[in-house]
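Reviewing the structure listed below.
The values are calculated or read from the model by the stated rules, or taken from the named source; none is laboratory data. Quantities reported herein were computed from a predicted structural model and do not represent experimental measurements. Methodologically, a virtual Cβ is constructed for each residue, glycine included, from the backbone with ideal geometry; neighbour enumeration extends over all protein chains shown.
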Amino acid sequence: MVVTYSILGDLVADLVGDAAKVIVVIPNGQDQHEFEPSAKVVEQINNADFIVSNGLDLEEHLTGVLAEAATRGVGVFTAAEHVTLRRANAKLTDAKNGNDPHLWLDPITLAEMIPDLSVELGKVLGVDLSESAAQLSLRLDTIDAKIKEIMSTVPRCALVTGHDSLGYFAARYGCQIVGAVIPSLSSSAETSAGELANLKTAATQANARAVFTEIGTPRAVVDQIAKEVGVKSVELRTHMLPPGGHYADVMIQLATSIADALK
Ligand SMILES: [Zn+2]
């Protein structure tokens with residue numbers, strides 16, 4: 001069983017338990033948007049009995065390899081095809097992007113795929129995953145409840161982020177997206193002096209309390225913007241698991257970091 005990135009791999013491993021070994025091809029901590037597959041990764045994908053991917057070009061440089069594997073008859077489950085998608089933030093989007101691939105940053109959106117995923121994986125593995133799926137869905141509900149509790153301590157959640165990654169989180173937990181250092185759904189896009197100037201104006205007008213940074217965003221640029229706006233810069237772990245941690249840790253740490261910075 002191949003899963004493209006670590007956070008999704010953690011959920012799939014949770015769902016299948018001992019019924020399958022999960023191989024994650026994008027190493028945890030590497031940027032999904034930027035990852036380029038080695039010959040070994042291409043081989044792992046082509047030899048997989050089944051693949052679970054995110055879709056919507058999150059795994060930008062794996063798209064062709066995944067399509068090729070599918071034409072060879074490898075089953076591919078694309079998470080984005082089984083959840084309610086949000087559109088890119090209109091003021092941040094670039095022409096290439098439409099729907100936001102960062103669906104794991106809201107446990108309720110992610111939970112929508114569990115019924116279809118468990119049925120498909122159950123078929124491939126020849127096991128009944130319905131009980132495991134029910135338990136995973138409950139855990140996702142619990143994570144959501146904990147995040148709500150954490151975010152209830154934030155008087156006003158105005159987010160300036162590294163790239164446009166927190167749209168699902170913002171929509172679920174009542175935050176406003178003020179802007180992003182890289183105004184795109186992908187960290188691989190570019191920014192410009194004009195866009196950074198607009199961001200500083202927007203952050204000041206929105207009275208943002210912090211500038212958040214994440215994978216793929218140059219820290220020096222973020223620190224400079226934060227300094228000019230007169231707020232702190234805070235690193236968020238949005239695209240990876242913490243060392244030894246799981247999906248729940250990603251989300252609880254994310255909400256806690258945001259809440260601590262904005263209180
Ligand atoms: Zn991203």
*So is I215 within 12 Å of the ligand (Cβ to nearest atom) and either part of a helix (DSSP H, G or I) or surrounded by fewer than 23 Cβ atoms within 10 Å (Cβ to Cβ) (or both) or not?*
yes
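A quick yes/no check of all residues on (1) closer than 30 Å to A19 by Cα; (2) in a helix (DSSP H, G or I); (3) out of contact with any strand residue (DSSP E or B) (no Cβ under 6 Å at 6 or more places or on another chain):
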site	(1), (2), (3)
L159	no, no, no
A170	no, yes, no
S187	no, no, no
K200	no, yes, yes
T204	no, yes, yes
*Check on N99, surrounded by fewer than 19 Cβ atoms within 10 Å (Cβ to Cβ), in contact (Cβ under 8 Å) with a residue 12 or more places away in the chain, within 16 Å of the ligand (Cβ to nearest atom) and of a type in the set (S, T, N, Q)*: yes
*Within the group S152, S188, S165, S184, which residue is free of Cβ contacts under 8 Å to residues at least 40 places away in the same chain and not β-branched (V, I, T)?*
S152
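Scan segment 24-62 for residues that are away from the ligand (no atom under 15 Å from the Cβ) and surrounded by 16 or more Cβ atoms within 10 Å (Cβ to Cβ) and jot them down.
Applying the first criterion (away from the ligand (no atom under 15 Å from the Cβ)) to segment 24-62 yields 24-25, 27, 36-52.
If the condition is that a residue be away from the ligand (no atom under 15 Å from the Cβ) and surrounded by 16 or more Cβ atoms within 10 Å (Cβ to Cβ), then V24, V25, P37, V41, V42, Q44, I45, A48, F50, I51, V52 are the ones that fit.
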*Pairs only if they're at least six apart or on different chains, beta carbon under 9 angstrom, first in segment 234-248 and under 29 Å from Q224 (Cβ atoms), second away from the ligand (no atom under 14 Å from the Cβ) and modelled with pLDDT under 95; list them, first residue then second.*
E235/R219; E235/V222
*Name, by its number, the condition in (1) touching a residue at least 12 places away in the same chain (Cβ under 8 Å); (2) more than 16 Å from the ligand (Cβ to nearest atom); (3) not in a helix (DSSP H, G or I); (4) not polar (S, T, N, Q) that does not hold for D128.*
(1)
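With respect to V65, determine if the residue is away from the ligand (no atom under 16 Å from the Cβ), under 19 Å from P101 (Cβ atoms), crowded, with 22+ Cβ neighbours inside 10 Å and in the same structural domain as S118 (by the TED database).
Working: away from the ligand (no atom under 16 Å from the Cβ): yes; under 19 Å from P101 (Cβ atoms): yes; crowded, with 22+ Cβ neighbours inside 10 Å: no; in the same structural domain as S118 (by the TED database): yes.
Here the answer is no, as V65 does not meet what is asked.
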